[in-house]
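Visitor: My structure is below; once you've seen it, I'll send some questions.
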Amino acid sequence: MVKKRILFGFLGVFALYVVYLLYIFVLSPKTNLQSVYLIPKDAVFVIESEKPVESWKKVSESDAWHHLQKNGYFAELTENIQKVDTIFNNKRKLFELFDGRSLFISIHMISEKDYGIFYVLDLKRIAKLKLLKTYLNTLLNENYTLSKRNYHNHEILEIYDRKSKETMHLAFIKNQLVASYTHTLVEASIDQYQEPVLGRDLNFIEINQKVGYEDLFRLYLQYDYLDEYYKRFSNQPSDWINRVSENFKFSGFSFDLDENSTITANGFTNISFTNENYLEALQKSGTAKRTIAQIAPKRTALYISYGFDSFSEFYKNFELVQEANSSEEYESYKAGIQKVEKFLKIDVKENFVDWIGDEIALLQIQSDISKGKNDLALVLKATDSAAAKTNLDFVLNQIKKKTPVKFKAIPFKKHQINFLSIKGFFKILLGNRFKEFDKPYFSQIEDYIVFSNNPNTLKTIISNYAERETLASSDNFLTFNKKFEAESSLFVYSNIPVLYDNMYALADRSTKAQLRKNKDFIICFPQVGFQLTPEDNLFESTLIVNYQDVEKVKVNSQFEEVPKNEKQTSKTNEITDAVFNLSPIYPTDLNAKSFAKKYSNGSIRFEVDLKDGLKNGRYQEYYANGEKKITGRFRKDEQVGTWRYYDLEGELLHKKRF
């Protein structure tokens with residue numbers, strides 16, 4: 001009888017427990033809170049995953065991740081994520097119960113040079129079981145101390161790590177578990193959960209609803225806070241970062257990682273129509289195939305392509321958007337155009353707009369001529385090369401008539417280099433992003449008109465085109481380019497090893513030291529591409545990052561540094577005519593009357609007279625102590641007359657008649 005009572009009593013308790021579970025998981029009111037509502041409003045990046053354990057396993061086992069972990073800076077950047085990874089690995093069975101529940105990880109700037117990472121895990125109805133809080137103790141051992149405190153009617157659990165002396169802060173808010181090593185982020189989450197900001201931002205919701213859920217994880221970028229994140233890496237303001245922060249609102253991407261550690265992200269981006277006339281006009285103007293790769297040098301560091309159904313249509317939309325968004329800005333723009341037209345007696349639409357085709361591009365290249373320079377070029381594809389030449393010749397003639405500028409076209413490898421002396425013209429025509437091209441030189445290569453402030457940039461492009469060393473001849477570029485849609489509104493391609501070389505050449509001493517230290521962790525992603533194509537009032541966005549073993553990157557011929565042929569010196573008394581074999585010079589001002597180079601101590605190395613960019617007149621070269629070394633004359637870039645070579649004491653050692 002007693003046994004029966006015990007049995008029935010046990011069954012009764014079990015039945016009550018089952019009823020309790022049914023109530024918890026089935027019958028109780030659904031008061032679930034969305035995870036995104038708890039993310040503090042100033043998130044720069046937000047990562048979301050429905051299968052965090054499975055996704056993290058795939059990322060952490062990739063070759064790219066293993067390589068990056070060797071880098072001290074990256075290891076520091078991912079330190080908090082790795083701490084969570086340790087818990088995942090140690091208590092995998094526990095977290096596998098939570099797989100299939102949404103996990104958000106967000107990054108926030110908590111000071112000018114430091115960031116915090118915030119986690120939100122949707123526990124769904126399991127959060128109502130108080131047993132879960134108790135089970136947290138099973139995650140701990142003698143190295144940890146658990147304490148509790150109240151904040152605005154919510155209990156915050158604090159897990160102190162005796163070894164690292166860091167504290168993980170956790171709180172349960174309805175069905176959500178929030179956590180961070182930064183207590184202010186947990187408190188900010190509690191403060192805003194009844195009045196969420198990010199989760200109710202219409203721009204964020206628009207992107208969130210469009211991003212798919214089938215891939216590894218999703219990443220959202222809030223551009224309003226991108227400039228604050230950038231300050232962690234540099235005290236120098238960046239026009240590019242500021243422009244992006246002003247022009248874009250949110251991007252959302254669904255990420256995948258293949259067996260080669262290539263990252264592919266597809267998603268959407270919305271823009272700020274109140275700040276960016278250019279992108280709004282681009283969004284309304286269709287797409288085009290990318291063809292400027294046919295003349296872009298193989299060692300192009302950055303290729304930014306703008307495509308449209310036609311430039312005339314884009315230009316019309318650009319004017320309409322300016323007029324609608326800012327009448328004052330539009331009037332200033334129209335006044336600038338009218339001033340140029342009246343002074344030069346030209347028609348901007350007829351002489352420029354009408355012959356420009358369906359693509360324009362900005363190129364940053366690694367010049368063969370200008371070492372340590374940031375070589376930029378603007379390329380306009382022409383609908384008709386003959387029409388482009390006719391109209392540009394007409395404009396040049398008008399400039400000669402109306403201005404004191406006297407400039408003859410300079411021949412270079414069967415091409416002509418001309419000078420467009422219209423101050424601020426491209427800023428007036430195309431907006432601030434093209435303000436760098438002020439009174440540029442230009443040259444025509446087939447259907448493409450190339451502009452640059454530096455004539456040597458044009459010479460590099462012409463030389464590479466003549467030698468067929470272009471992006472269109474690069475198997476690396478062609479293979480990578482095929483990963484994207486053939487047509488786009490905006491396409492950005494970066495050759496990272498070449499970009500690294502350009503950055504290194506321009507950097508100061510301390511920055512160069514940092515670049516050298518981290519080179520292997522920068523160039524291991526040799527190609528990065530980004531594409532925007534219009535969809536409704538958004539841009540469909542694609543981001544692809546290629547990973548490659550860094551040793552393979554280094555031996556790839558496209559990225560090899562070409563060794564310079566050092567001049568061999570010999571202590572011999574025999575002096576030959578070779579002392580008069582001078583290196584070519586590349587003046588940046590083709591109107592200059594002379595050109596000179598100096599030693600590091602400031603003294604003149606050589607100086608030569610110029611005419612139309614060519615050596616023409618007296619040439620004098622000096623030793624570092626100021627004593628003359630070589631004298632002679634040029635006529636139309638050719639050595640003429642008698643040339644003389646002197647020793648340090650001024651004694652004539654050798655001469656030759658040209």
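Visitor: Given (1) over 23 Å from residue 525 (Cα atoms); (2) not in a strand (DSSP E or B), where does residue 249 come up short, assuming only one miss?
Guide: (2)
Visitor: Consider the stretch 207-234. How many of its residues are farther than 21 Å from residue 49 by Cβ and assigned to a helix (DSSP H, G or I)?
Guide: Just the residues of the stretch 207-234 that are farther than 21 Å from residue 49 by Cβ, to begin with: 223-234.
Those still in the list that are assigned to a helix (DSSP H, G or I) too: 223-230.
Qualifying residue count for the region: 8.
Visitor: Only one residue in 319, 280 is buried (at least 21 other Cβ atoms within 10 Å of the Cβ), touching a helix residue (DSSP H, G or I) at 6+ places or on another chain (Cβ under 8 Å), among the charged types (D, E, K, R) and not in a loop (DSSP other than H, G, I, E, B). Which one?
Guide: Values: 319 fails: buried (at least 21 other Cβ atoms within 10 Å of the Cβ).
Sole residue among the options that is buried (at least 21 other Cβ atoms within 10 Å of the Cβ), touching a helix residue (DSSP H, G or I) at 6+ places or on another chain (Cβ under 8 Å), among the charged types (D, E, K, R) and not in a loop (DSSP other than H, G, I, E, B): 280.
Visitor: Also, I was wondering about something else. Name the single residue, out of those in the stretch 190-201 being surrounded by fewer than 18 Cβ atoms within 10 Å (Cβ to Cβ) and not in a helix (DSSP H, G or I), that is modelled with the lowest pLDDT.
Guide: Result: 194.
Visitor: Okay, next question. Taking the stretch 600-613 on its own, how many of its residues are under 36 Å from the mean Cα position of the chain (by Cα) and exposed (fewer than 15 other Cβ atoms within 10 Å of the Cβ)? Don't jump to the end; show me each part of the working.
Guide: Residues of the stretch 600-613 that are under 36 Å from the mean Cα position of the chain (by Cα), as a first pass: 600, 613.
Keeping just the survivors that are exposed (fewer than 15 other Cβ atoms within 10 Å of the Cβ) gives 600.
So the count comes out to 1.
Visitor: Outside any helix (DSSP H, G or I), in the same structural domain as residue 364 (by TED's automatic domain parsing), of a type outside the set (A, V, I, L, M) and in contact (Cβ under 8 Å) with a residue 40 or more places away in the chain: is that true of residue 333 in this structure?
Guide: Numbers: outside any helix (DSSP H, G or I): no; in the same structural domain as residue 364 (by TED's automatic domain parsing): yes; of a type outside the set (A, V, I, L, M): yes; in contact (Cβ under 8 Å) with a residue 40 or more places away in the chain: yes.
Judged against the criteria, residue 333 is not a match.
Visitor: Quick check on residue 153: is it without any contact (Cβ under 8 Å) to a residue 24 or more places away in the chain, over 40 Å from the mean Cα position of the chain (by Cα) and within 24 Å of residue 36 (Cα to Cα)?
Guide: Details: without any contact (Cβ under 8 Å) to a residue 24 or more places away in the chain: yes; over 40 Å from the mean Cα position of the chain (by Cα): yes; within 24 Å of residue 36 (Cα to Cα): yes.
In short, yes.
Visitor: Quick check: anything in the stretch 365-380 hydroxyl-bearing (Ser, Thr, Tyr), buried (at least 18 other Cβ atoms within 10 Å of the Cβ) and in the same structural domain as residue 491 (by TED's automatic domain parsing)?
Guide: Residues of the stretch 365-380 hydroxyl-bearing (Ser, Thr, Tyr): 367, 370.
So of that shortlist, the ones also buried (at least 18 other Cβ atoms within 10 Å of the Cβ) come out as 367, 370.
Then drop every residue that is not in the same structural domain as residue 491 (by TED's automatic domain parsing), which leaves 367, 370.
Within the stretch 365-380, one or more residues are hydroxyl-bearing (Ser, Thr, Tyr), buried (at least 18 other Cβ atoms within 10 Å of the Cβ) and in the same structural domain as residue 491 (by TED's automatic domain parsing).
Visitor: Can I ask one more? If I ask for residues that are crowded, with 20+ Cβ neighbours inside 10 Å and more than 33 Å from the chain's Cα centre (by Cα), which ones from the stretch 175-189 would you list?
Guide: Hits for the stretch 175-189 are 175, 176, 177.
Visitor: Residue by residue through the stretch 585-604, note down the ones that are assigned to a loop (DSSP other than H, G, I, E, B) and not charged (D, E, K, R). I'd like the intermediate steps shown before the answer.
Guide: From the stretch 585-604, those assigned to a loop (DSSP other than H, G, I, E, B) are 585-593, 599-603; that's our starting set.
If the condition is that a residue be assigned to a loop (DSSP other than H, G, I, E, B) and not charged (D, E, K, R), then 585, 586, 587, 588, 590, 591, 592, 599, 600, 601, 602, 603 are the ones that fit.
The values are calculated or read from the model by the stated rules, or taken from the named source; none is laboratory data. This structure is a prediction, so every number in the text was calculated from the model and none was measured. A quick note on method: Cβ atoms are made from the backbone with ideal geometry, for glycine too, and the neighbour counts reach across all protein chains shown.
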